[in-house]
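The values are calculated or read from the model by the stated rules, or taken from the named source; none is laboratory data. Predicted, not measured: the structure shown is a model, and the values here were computed from it. No Cβ is skipped: glycine too gets one built from the backbone with ideal geometry, and neighbour counts run over all protein chains shown. Only protein heavy atoms, including side chains, enter the accessible area calculation; ligands, DNA and RNA are left aside. Shrake-Rupley method; radii C 1.70, N 1.55, O 1.52, S 1.80 Å.
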Amino acid sequence: MATLSASGVRVQGENVIVIVECAQTADPKDVAALIVAKNGTVVRTGESHVKAAVPILALEEIANIPEVSFVRIPIQKRAMNTVQTEGRWVTGATNWHTAGLTGQGVKIAVIDVGFAGLATRKTEDEIPASAIEMDFSGTGMTSGTDDHGNACAEVIYDMAPGCQMYLIKALDEDEDDAAKNYCKTQGVQIISYSTTYDRVNFYDGVPYSSISPHPVTIVNDANANGILWVSAAGNEQVNHARAAWLDANADSYLDWKPTGATAINELWNDGNPIPVGAVIDVSLTWNKWPVTDQDFDLDLYRLVGTTWTYVTSAEDPQTGTQTPREHLTYPVTIAARYAVAIYKYSATTSPTFILRTAPYEIFYYGYDNYSTPAPGSIGCPGDAASSFSVGAIDFINYASGPIEWFSSLGPNNGAYTGNPAVVKPDICGPDFVSTVTYGAEGFLGTSASTPHIAGLAALVKGLYPTYTNAQLRSYIQRYGVDLGTAGKDNTYGYGPCVLPAPVMVNFTGNPTNGAAPLTVVFTNLSSGATNYSWSFGDGKTNTTINPTNVFTNVGSYTVSLTAIGAGGTNVLTRINYIVVTNPPPPVITWQYITSSGTLEIAWNGTGFHLQAQTNTLNVGITTNWFDYPGGMNSPVMVTNNPANPCVFYRLVWP
């Protein structure tokens, strides 16, 4: 059992954990029942697969069940790095905090492989005590020593302390699928995902049917259900090589150089021997997905004196129903320099290969990976078009770059599989930041940059709660600092995101109610804006900062203020904010001045005017009232007219 665990096989007592891929027409529930009949234990049933713990001796029997396509071990995802926030300041998040924006009302999930020591981080308030925990691994939420997820959660808590956080432990693609479905039921709006998969596609963003559930399918479904999936781009810039088949000397080994027939590609440890106890991890895939009969092997060599000596191989068969991939892990027992080679076992075509190594770099890349890095080093599911993929820049040089020497580059490798080549990454975030988990400036890589961008998205979602995941993505991209090639490029994407101060809109009016005509002075309390547009609800508008408006008619008025600034546009509408009533009835006085033969009519209140109606000697009483000349002001002097012995007067408003 120890040997199985060391090779990446997960054990459970006397059983091994496997993924049973169902035949095309088979019902997974029926397959699950057949597994149970073979003394297996079903862990989870998916749409086209069953995850189960089965006795080792029953593996062949289960694989031979007609309803089973094949049996495989789960694909273990890995942390982008195991090494961590100053990011609050360099990304502009602190300006949002000052404005009272902390991601309130937003649900964000961290899906990761390890949360060891989580209780301590919560006690220290480095991770909120309110964070909801969910373990889909079955190993225990805080088991083991991996605390990578804690560091990611610390960053999000620093960036968006008001959000509701979900911490989800998932170790493979089946568990990621369950985690995604859980997020959908919980109404999670943003997922921070700082892990990656190897050998599940050609890093081309395609969810091939030979892997189910596929990481890209998981991300696509989350995206279709309104979740913004923020993925680490990867740290493989100098651990990645892409080469087309070339064999000048016909020895069945790939030539890494166009001349010289160099089949050896050294795993570089600065020219030093790789020490005893280190684990060499090498992944190989070629562009013959989803299944292939083009069979290649991956060989490991050790330098003995001046001779490269064969050590071991990864030689899974490819006979037409298997995926085009090989995986070699080797615990070093002899300190030495090591190298890999690609061997053609049985093939009639000349594919293109992608080789990735961890933790050692590839000595000969076919490129100079420090001055002209090999393109296409993006990880999966960061290679998916629906994934919001994040590169890394040291926070000290955040706004100016350069990209970290290890941060994976785009585009994805769709051009080699007949699919679109998608520009990646999409955006960059800061790394080499500080957390309690990894210490001062100890959290680095795209693992660190990813939760920063997820945290920024939570701030934006808190300010604009109706924003869709596409709108959140667009907002973040809009404030990328354009570095490298103009526009979105395969090194920086849209560049490091630096949010401007948020546009906060607020205003008051004084008074907000009274008799017509009502003069209201508006005070603009907005921040982060440079331009304003007022609508008073009475047909009048204004673009000054602190306008005054006169409401002449009785009624209720809805006032709206649109504030525009570098951080976008925000609108505040106060419904029925201004209430205008009829003025109180005026008090009227009059007196006849005999010396002048005039009548003085006076009243209190504003907005009234005097009208008259006469009864002439020849016409009789008229039915029409007319505005008395000069009758807008109190008092009015009315001159006696003998031709009109009977005159009626009234005050009218407005």
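Odds and ends about this structure:
- In the range 565-588, the condition of being among the β-branched types (Val, Ile, Thr), touching a Phe, Trp or Tyr at 6+ places or on another chain (Cβ under 8 Å) and closer than 30 Å to Thr639 by Cβ is met by at least one residue.
- Residue ID - modelled with the lowest pLDDT, chosen from residues in the range 603-628 that are part of a strand (DSSP E or B) and exposed (fewer than 14 other Cβ atoms within 10 Å of the Cβ): Gly620
- Condition met for Val230 (part of a strand (DSSP E or B) and within 22 Å of Val340 (Cα to Cα)): no
- Val460 vs. criteria open to solvent by 10 Å² or more (accessible area, probe 1.4 Å) and either in contact with a helix residue (DSSP H, G or I) (Cβ under 6 Å, 6 or more places away or on another chain) or closer than 18 Å to Cys380 by Cβ (or both): no
Okay, residues lined up against (1) in a loop (DSSP other than H, G, I, E, B); (2) at pLDDT below 95; (3) touching an Asp or Glu at 6+ places or on another chain (Cβ under 8 Å):
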{"site": "Tyr345", "(1), (2), (3)": "no, no, yes"}
{"site": "Gly376", "(1), (2), (3)": "yes, no, no"}
{"site": "Ala385", "(1), (2), (3)": "yes, no, no"}
{"site": "Gly401", "(1), (2), (3)": "yes, yes, no"}
{"site": "Trp405", "(1), (2), (3)": "yes, yes, no"}
{"site": "Ser408", "(1), (2), (3)": "yes, no, yes"}
{"site": "Pro411", "(1), (2), (3)": "yes, no, no"}
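- Residues of the range 372-401 satisfying the condition of being polar (S, T, N, Q) and more than 12 Å from Asp204 (Cα to Cα): Thr372, Ser386, Ser387, Ser389, Asn397, Ser400
- Helices (runs of 4 or more DSSP H) wholly inside the range 74-150 containing at least 2 residues that are of a type outside the set (Phe, Trp, Tyr) and touching a Leu at 6+ places or on another chain (Cβ under 8 Å): 93-98
- Verdict on Ile593 being open to solvent by less than 70 Å² (accessible area, probe 1.4 Å), of a type in the set (Val, Ile, Thr) and more than 50 Å from the chain's Cα centre (by Cα): yes
- Every residue from the range 265-282 that is among the charged types (D, E, K, R), at pLDDT below 95 and outside any loop (DSSP other than H, G, I, E, B): Glu266
- Given (1) within 30 Å of Tyr479 (Cβ to Cβ); (2) modelled with pLDDT of 95 or more; (3) of a type in the set (Val, Ile, Thr), index of the condition Thr569 fails: (2)
- Residues that are open to solvent by less than 40 Å² (accessible area, probe 1.4 Å) and over 30 Å from Asn524 (Cβ atoms) within the range 481-512 comprise Leu483, Gly487, Asp489, Tyr492, Gly493, Gly495, Pro496, listed in sequence order.
- So Ile545, is it closer than 30 Å to Tyr479 by Cα, assigned to a loop (DSSP other than H, G, I, E, B) and of a type in the set (A, V, I, L, M): yes
- Selection from the range 114-151 of residues that are of a type outside the set (S, T, N, Q), open to solvent by less than 10 Å² (accessible area, probe 1.4 Å) and within 18 Å of Lys77 (Cβ to Cβ): Gly114, Phe115, His148, Gly149, Ala151
- Pick from the range 29-57, criterion under 18 Å from Asp172 (Cβ atoms) and in contact with a Cys (Cβ under 8 Å, 6 or more places away or on another chain), ranking: most open to solvent (accessible area, probe 1.4 Å): Ser48
- Within the range 152-170, the set of residues being touching a Ser or Thr at 6+ places or on another chain (Cβ under 8 Å) and either in a strand (DSSP E or B) or buried (at least 24 other Cβ atoms within 10 Å of the Cβ) (or both) comprises Cys152, Glu154, Val155, Ile156, Met159, Ala160, Cys163, Gln164, Met165, Lys169, Ala170.
- Meeting the requirement of 2 or more residues that are among the hydrophobic types (A, V, I, L, M, F, W, C), the strands (runs of 3 or more DSSP E) wholly within the range 422-469 are 427-431, 439-443.
- Restricting Ala250, Ala243, Ala261 to those that are closer than 19 Å to Arg325 by Cα and either assigned to a strand (DSSP E or B) or of a type in the set (A, V, I, L, M, F, W, C) (or both) reduces the list to Ala243.
- Among the residues making up the range 243-264, those that are under 40 Å from the mean Cα position of the chain (by Cα) and modelled with pLDDT of 90 or more are Ala243, Ala244, Trp245, Leu254.
- Residues in the range 98-129 that are of a type in the set (Val, Ile, Thr) and at positive phi: 0 in all.
- Here Val276 fulfils each of the conditions (1) in contact with a Phe, Trp or Tyr (Cβ under 6 Å, 6 or more places away or on another chain); (2) closer than 14 Å to Arg337 by Cα; (3) of a type outside the set (D, E, K, R) apart from (1).
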